[in-house]
1. Select from region 34-51 the residues that are under 18 Å from the mean Cα position of the chain (by Cα) and either closer than 15 Å to Ile84 by Cα or not aliphatic (A, V, I, L, M) (or both) and list them in ascending order.
2. Every residue in region 1-30 that is closer than 17 Å to Val61 by Cα, open to solvent by less than 60 Å² (accessible area, probe 1.4 Å) and not β-branched (Val, Ile, Thr), please.
3. Collect the residues in region 114-123 that are surrounded by fewer than 16 Cβ atoms within 10 Å (Cβ to Cβ) and either in a helix (DSSP H, G or I) or touching a helix residue (DSSP H, G or I) at 6+ places or on another chain (Cβ under 7 Å) (or both), keeping them in residue-number order.
4. Just wondering, is there one or more residues in region 82-92 that are modelled with pLDDT under 80, of a type outside the set (D, E, K, R) and more than 25 Å from Val63 (Cβ to Cβ)?
5. Any chance region 86-100 includes a residue that's touching a residue at least 24 places away in the same chain (Cβ under 8 Å), assigned to a helix (DSSP H, G or I) and more than 26 Å from Val10 (Cβ to Cβ)?
6. If you scan region 54-82, which residues turn out to be open to solvent by less than 70 Å² (accessible area, probe 1.4 Å) and assigned to a loop (DSSP other than H, G, I, E, B)?
7. Answer yes if at least one residue in region 2-15 is among the β-branched types (Val, Ile, Thr), under 21 Å from the mean Cα position of the chain (by Cα) and under 19 Å from Arg80 (Cα atoms), and no otherwise.
8. Any chance region 63-79 includes a residue that's in contact with a Ser or Thr (Cβ under 7 Å, 6 or more places away or on another chain), farther than 18 Å from Arg4 by Cβ and hydroxyl-bearing (Ser, Thr, Tyr)?
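The values are calculated or read from the model by the stated rules, or taken from the named source; none is laboratory data. A quick note: this is a predicted structure, and the numbers were derived from the prediction, not measured. Positions of Cβ are generated from backbone atoms using ideal geometry, with glycine treated the same way; all protein chains shown enter the neighbour counts. Surface accessibility is based on the protein's heavy atoms, side chains included, excluding ligands, DNA and RNA. Shrake-Rupley method; radii C 1.70, N 1.55, O 1.52, S 1.80 Å.
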Amino acid sequence: MRVRDLHLTVQSSAGPVNILRGIDLDIATGAAVGVVGPSGSGKTSLLMVLAGLERASSGSVRVAGHELTAMSEDALARLRRSSIGIVFQAFHLIPTMTALENVAIPLELAGDAAATDRAEANLRAVGLGHRLTHLPGQRSGNRGVLPRGQQRNGKQRARSGHADDWAEQLVSVLDGRDIVEPA
């Protein structure tokens, strides 16, 4: 990922608000990077631009060999599906689907014939093999699925689309064993 002179300005009733001002950033493939700062400093806005969910006002954002600022919305959606996984702070798991179904869905939408097998392998790799049939809010005995299990489940769903780069927003309780490459 390569970012050059990135700016994001939004309009408000009080006038323009400059959120990102001249960001330069290089992130090597496979690198783990933390974005830290006080509330309101632009962390989420930066992640939104880097993931192609928000348009930069100016500058260059290059991800997986693609210049995001020059891409159409449809092209950005295809790139996100194939190369960028996103774990939202609220996880956005589908509440009526099991952990296995939540992780398999992006693979199924991409036409992967082995979606269920790959999703199961990813969940087992992060210690959620015993929760394959559990719904996101379901608790089992004294051990709850919330919130750590939802975080792991959301992270595996984000990784399941063969994503090479991914944005994660505030999933601070996860550790290195929760991150696995797609099976």
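1. Going through region 34-51, the residues under 18 Å from the mean Cα position of the chain (by Cα) turn out to be 34-36, 42-51.
Hits for region 34-51 are Gly34, Gly42, Lys43, Thr44, Ser45, Leu46, Leu47, Met48, Val49, Leu50, Ala51.
2. Pass one, region 1-30, residues closer than 17 Å to Val61 by Cα: 1-9, 19-29.
When the remaining residues are screened for being open to solvent by less than 60 Å² (accessible area, probe 1.4 Å), the result is 1, 3, 6-9, 19-20, 22-23, 25, 27.
Those that are closer than 17 Å to Val61 by Cα, open to solvent by less than 60 Å² (accessible area, probe 1.4 Å) and not β-branched (Val, Ile, Thr): Met1, Leu6, His7, Leu8, Leu20, Gly22, Leu25.
3. Once the filter is applied, which keeps residues that are surrounded by fewer than 16 Cβ atoms within 10 Å (Cβ to Cβ) and either in a helix (DSSP H, G or I) or touching a helix residue (DSSP H, G or I) at 6+ places or on another chain (Cβ under 7 Å) (or both), region 114-123 yields only Asp117.
4. Among the residues of region 82-92, not one is modelled with pLDDT under 80, of a type outside the set (D, E, K, R) and more than 25 Å from Val63 (Cβ to Cβ), which makes the answer no.
5. First, pick out the residues of region 86-100 that are touching a residue at least 24 places away in the same chain (Cβ under 8 Å): 86-89, 91-100.
Still in the running and assigned to a helix (DSSP H, G or I): 99-100.
From what is left, the residues that are more than 26 Å from Val10 (Cβ to Cβ) are 99-100.
Checking region 86-100: at least one residue is touching a residue at least 24 places away in the same chain (Cβ under 8 Å), assigned to a helix (DSSP H, G or I) and more than 26 Å from Val10 (Cβ to Cβ).
6. Step one: filter region 54-82 for residues open to solvent by less than 70 Å² (accessible area, probe 1.4 Å), giving 56-61, 63-65, 67-69, 71-72, 75-77, 79-80, 82.
Result: Ala56, Ser57, Ala64, Gly65, Met71, Ser72.
7. Filtering region 2-15 for residues among the β-branched types (Val, Ile, Thr) gives 3, 9-10.
In the following step, the residues that additionally are under 21 Å from the mean Cα position of the chain (by Cα) were identified as 3.
Filter once more, keeping what is under 19 Å from Arg80 (Cα atoms): 3.
Yes - at least one qualifying residue is present in region 2-15.
8. Scanning region 63-79, I find no residue that is in contact with a Ser or Thr (Cβ under 7 Å, 6 or more places away or on another chain), farther than 18 Å from Arg4 by Cβ and hydroxyl-bearing (Ser, Thr, Tyr), so the answer is no.
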